[in-house]
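Participant: Structure in structure tokens, see below.
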Amino acid sequence: MNASVENPSSTPPSTLRPWLGVAVITASLFTFVTTELMPVGLLTPISGSLGIPVGIAGLMVTLYGVSAGLGVPFIVAWTRRVNRRTLLGALLAVLALGNLVTAIAPNYALVLTARLVMGFANGVFWAIGVSMAMRLVPPTHANKAAAVALSGISIATVVGIPLGTFLGSLTSWRTTFLIWSGLSATVLVAVVATIPALASENTVTVREVFALPVRNAALRLIMLTVVLYVLGHFAAYTFVRPFMEQRTSAGATFIAGLLIIYGTGGAIGNFVAGYTVTRNLTATFLTARAGIAAALLLLLTTGHSKPGAIAALALWGLSFGAANLCQVNMTLAAAPDTFEAAMSLNTLAYNTSIALGALAGGLLADASGITSTVLLGLSLTTASLLPALASTRRRPAPTTASASDSASASVVEQKTP
């Protein structure tokens with residue numbers, strides 16, 4: 001925890017300005033998440049407009065995730081001496097330009113190139129953003145600052161992605177990306193106006209970043225779990241619009257409503273998990289992943305009806321919102337002294353899994369039909385439960401020493417954001 005939060009003597013007082021900074025980081029996260037996932041709500045019109053199969057259109061998510069995942073450990077290490085406010089401003093500038101290019105691109109090749117470049121910026125933001133929010137406020141408020149920052153995910157799914165889908169139905173998908181270019185530029189101005197200079201606290205080289213999971217068994221287990229459940233989630237979620245169009249003959253308005261329900265569930269899940277992780281982080285994470293699997297099973301069995309689809313998307317959002325908060329907390333608990341470096345690896349695992357999940361879903365969608373993407377998602381999210389269950393079975397009976405260790409672990413969990 002000491003590596004991710006400034007010393008009390010150097011931390012700004014808990015006044016309006018620090019919390020405005022946290023709000024701006026939340027807005028940054030909102031902008032990055034909506035940019036990454038906007039194609040989910042616009043997949044059908046994008047494929048139609050550019051004359052490409054829907055599975056190929058899903059590469060907009062895949063390539064974005066590839067660059068976000070594979071590039072981040074290197075960029076975070078290479079920029080370890082760069083002021084974090086300056087770095088965040090540069091990332092938002094890349095996002096604004098990339099969304100503009102996407103909006104006016106005459107062909108799909110240029111769209112994919114813009115998405116690939118924006119992905120690098122996205123990955124670096126995920127590695128530094130939460131840590132920045134925690135450092136803006138006193139250590140006693142770091143937990144709250146992290147939860148507020150991560151609420152940007154829920155706001156993106158409740159408001160951003162459905163709004164982008166709705167705007168695309170009114171005008172065109174290009175208009176949506178043009179608006180998001182302007183939004184990225186606006187948030188950049190807000191970063192300059194509200195966030196103070198934050199010296200980098202990451203002193204880890206590229207070699208040391210990749211050595212972390214070799215030395216740290218807990219971090220290895222978290223990364224494996226993240227890979228499995230994120231692969232499953234995005235194999236299914238990327239193609240939720242065509243799935244609903246085929247299973248329920250849903251129109252754009254109903255799908256936008258479903259995405260709002262999903263996002264609202266995510267907001268509730270994030271809020272509830274903010275309380276439960278301090279009591280039992282491991283159980284909360286396990287329950288959240290089980291909830292994702294249950295939601296996908298519900299979608300397969302009752303998703304042909306609109307009430308069934310609503311129930312499935314609500315549970316899905318609730319569970320995924322909780323899982324996102326948990327996996328950040330789990331990473332911090334596993335590597336509190338190298339949090340930013342560990343988060344770069346977490347981001348690598350997370351975003352590469354987004355890319356591979358969307359790719360696998362696209363290949364299955366074109367080869368075997370849309371339903372196969374949900375089946376794949378169900379299989380992988382269920383598999384994500386196995387490492388934790390196996391670890392629990394191998395854990396020896398508690399002794400006096402291990403009980404003390406357990407108490408120490410509980411303290412660590414309670415200090416996580």
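Participant: Based on what the data block shows, is ILE260 buried (at least 19 other Cβ atoms within 10 Å of the Cβ) and assigned to a helix (DSSP H, G or I)?
Facilitator: So ILE260 passes the test.
Participant: Follow-up question, since we're still on this one. Could you please find all residues in the range 47-56 being open to solvent by less than 50 Å² (accessible area, probe 1.4 Å) and in contact (Cβ under 8 Å) with a residue 60 or more places away in the chain?
Facilitator: LEU50, VAL54, GLY55
Participant: Inside the range 245-262, can you point out the residues that are small (Gly, Ala, Ser) and under 19 Å from LEU300 (Cβ atoms)?
Facilitator: The answer is SER249, ALA250.
Participant: Further question: Since PHE32 meets every condition but one in (1) farther than 15 Å from THR176 by Cβ; (2) of a type in the set (A, V, I, L, M, F, W, C); (3) free of Cβ contacts under 8 Å to residues at least 24 places away in the same chain; (4) touching a Leu at 6+ places or on another chain (Cβ under 8 Å), which condition does it not meet?
Facilitator: The number of the failed condition is (3).
Participant: Considering SER406, SER379, which residue is hydroxyl-bearing (Ser, Thr, Tyr), open to solvent by 60 Å² or more (accessible area, probe 1.4 Å), in a helix (DSSP H, G or I) and at pLDDT 80 or above?
Facilitator: SER379
Participant: Still on this structure, please answer the following. Taking the criterion of being modelled with pLDDT under 90 and open to solvent by less than 40 Å² (accessible area, probe 1.4 Å), would at least one residue in the range 295-303 satisfy it?
Facilitator: Yes: one or more hits.
Participant: I've got another one for you. Go through the range 110-148 and give me each residue that's among the basic types (Lys, Arg) and either surrounded by fewer than 24 Cβ atoms within 10 Å (Cβ to Cβ) or under 15 Å from PRO196 (Cα atoms) (or both). So that I can check it myself, show each step before the final result.
Facilitator: Residues of the range 110-148 that are among the basic types (Lys, Arg), as a first pass: 115, 135, 144.
Of everything in the range 110-148, those that are among the basic types (Lys, Arg) and either surrounded by fewer than 24 Cβ atoms within 10 Å (Cβ to Cβ) or under 15 Å from PRO196 (Cα atoms) (or both) turn out to be ARG135, LYS144.
Residues are listed down the side, and each one gets a yes or a no for (1) surrounded by fewer than 19 Cβ atoms within 10 Å (Cβ to Cβ); (2) in a helix (DSSP H, G or I); (3) β-branched (Val, Ile, Thr):
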| site | (1), (2), (3) |
| --- | --- |
| VAL192 | yes, yes, yes |
| ARG207 | yes, yes, no |
| PRO213 | no, yes, no |
| ALA218 | yes, yes, no |
| TYR229 | no, yes, no |
| ALA235 | no, yes, no |
| MET244 | no, yes, no |
| ILE255 | no, yes, yes |
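Condition check ((1) of a type in the set (Gly, Ala, Ser); (2) touching a residue at least 40 places away in the same chain (Cβ under 8 Å); (3) touching a strand residue (DSSP E or B) at 6+ places or on another chain (Cβ under 9 Å)) across all residues:
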| position | (1), (2), (3) |
| --- | --- |
| ILE222 | no, yes, no |
| TYR237 | no, yes, no |
| PHE243 | no, yes, no |
| ALA273 | yes, yes, no |
| THR301 | no, no, no |
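The values are calculated or read from the model by the stated rules, or taken from the named source; none is laboratory data. It should be emphasised that the depicted structure is a prediction, and the values quoted were computed from it without experimental measurement. Glycine also receives a Cβ, built like all others from the backbone with ideal geometry; neighbour counts cover every protein chain displayed. For the accessible areas, the whole protein counts, side chains as well, though only heavy atoms, and no ligand, DNA or RNA atoms are used. Shrake-Rupley method; radii C 1.70, N 1.55, O 1.52, S 1.80 Å.
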